[in-house]
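Read-outs throughout are calculated quantities, based only on the coordinates presented, and are distinct from any laboratory measurement. Note that the structure is predicted; figures quoted are calculated from it, not measured. All Cβ positions, even for glycine, are placed from backbone atoms using ideal geometry, and neighbour counts span all protein chains on display.
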Amino acid sequence: MTNSEGALAALREKKLYIFDMDGTIYLGGKPFPFAIDFIKKLRDDGRRILFFTNNASHDPVFYVEKLQKLGFAPREGEICTSGDVTAAFLTRMRADKSVYLLGTPQLWEQFSRAGVRLICDRDGKTTAERADIVVTSFDTTLTYEKLTVACDFIRGGAEYLCTHPDFNCPTETGFIPDSGAIAACVTASTGVSPIYFGKPYPETVAMMEELTGLSRADMCIFGDRLYTDIATGRRHGMLSVLVLTGETKKEDVESAGDADKPDLLFPSLAEVSAAIFGA
């Protein structure tokens, strides 16, 4: 696809630049140097930054420390995860409900701090006979016991929520199964599909507006996935920019329907920087 001058002009005028993380500004533990440079240029030019990841296996404190080590110099209030969005929904809309969490100990700690009514310990063990809600996520500590308990609760009538729909998480050595893959397994066993959070769902865009005080018309979003990052922009009136440094390949864009294509496409953030600030 060819980038239009109108979309490029709109990109240069945005107030908030939202960045996916893994596959967009870094890969695993390796930063893209051009991403560090681009974000510094945006800051120096007075633009605002928000880092948003669907990866809920870690909390924002972890990501602050990681981005600092990688050289991105994050500022207070600039990091949000799908775990934040899910926890906010649970405490605001399901405050009186008991929750079984299939997730990492870090996500359990995050939910606990937020005031979610958890009925399991940080390792997923529980003595409860029922749960009002089951939440599944990207769980790198997944066990068959956790999976069985979650499915039993859902079959027993628990509402099923999932922090984010991503099927794979990119790493330096390839892809590993992510939250969406775990949810597909639970759905295959129970016949129940979850309510998803994270990108590209409306609760996430609402939180972006709440955190920044800006409207979505003032925002643009950068990412490496069509069905999460780009869909966030296309569904919610936000300029979307796809980079090919993560999951999506050029042929995926070419085969996508018009409604699923990004507003702008670049090989990496290096070319985005050149388009905004010059070579």
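Do the alpha carbons of any pairs in K69/K146; K199/K250; K69/K199; K66/K261; K41/K66 sit beyond 27 Å of each other, and which pairs?
Details: K69/K146 33 Å; K199/K250 21 Å; K69/K199 25 Å; K66/K261 31 Å; K41/K66 20 Å.
K69/K146; K66/K261, as the Cα separations exceed 27 Å there.
Out of segment 44-128, which GluC sites (Glu not before Pro) are coil in DSSP terms and have no more than 16 other C-beta atoms within 10 Å? Please report the intermediate quantities before stating the final value.
Values: sites: E65, E76, E78, E109; in loops: E76, E78.
Those satisfying the criteria are E76.
Could you tell me how far the Cα centroid of segment 115-171 sits from the Cα centroid of segment 231-270, in Å?
If we compute the Cα centre of each part, the gap is 31 Å.
As a test of the formula, what do you get for the chain when each DSSP H run with n ≥ 4 contributes -39,500 (n - 2.57) and the sum is divided by the residue count, at 222 nm and rounded to the nearest 500 deg cm²/dmol?
Numbers: 11 runs with 109 residues, N = 279.
-11500 deg cm²/dmol, from helical runs alone.
Pop a pseudo-label 7 angstrom from the Cα along the beta-carbon direction at both A181 and A9 and give the gap in nm to one decimal.
With each label point 7 Å from Cα toward Cβ, the separation is 4.5 nm.
Which shape class, rounded, prolate or oblate, goes with the chain when its Cα gyration tensor gives a ≥ b ≥ c as root eigenvalues, a/c under 1.5 marks rounded, and past that a/b bigger than b/c marks prolate?
Since a/c reaches 1.5 and a/b is larger than b/c, the shape of the chain is classed as prolate.
How high is the relative contact order of the chain, in percent, with contacts defined as C-alpha pairs under 8 Å that are six or more residues apart?
Numbers: 529 pairs, mean separation 58.4, N = 279.
Worked out over the chain, it gives 21 percent.
Which of the listed residues, G191, S179, C169, is farthest toward the dipole's positive end in segment 95-196, when Lys, Arg count +1 and Asp, Glu count -1 at the beta-carbon?
G191
Nearest 20 debye, what's the magnitude of the dipole of the chain about its Cα centre given +1 on Lys and Arg Cβ and -1 on Asp and Glu Cβ?
On the way: 30 positive and 39 negative charges, 86 e Å.
Approximately 420 debye in magnitude.
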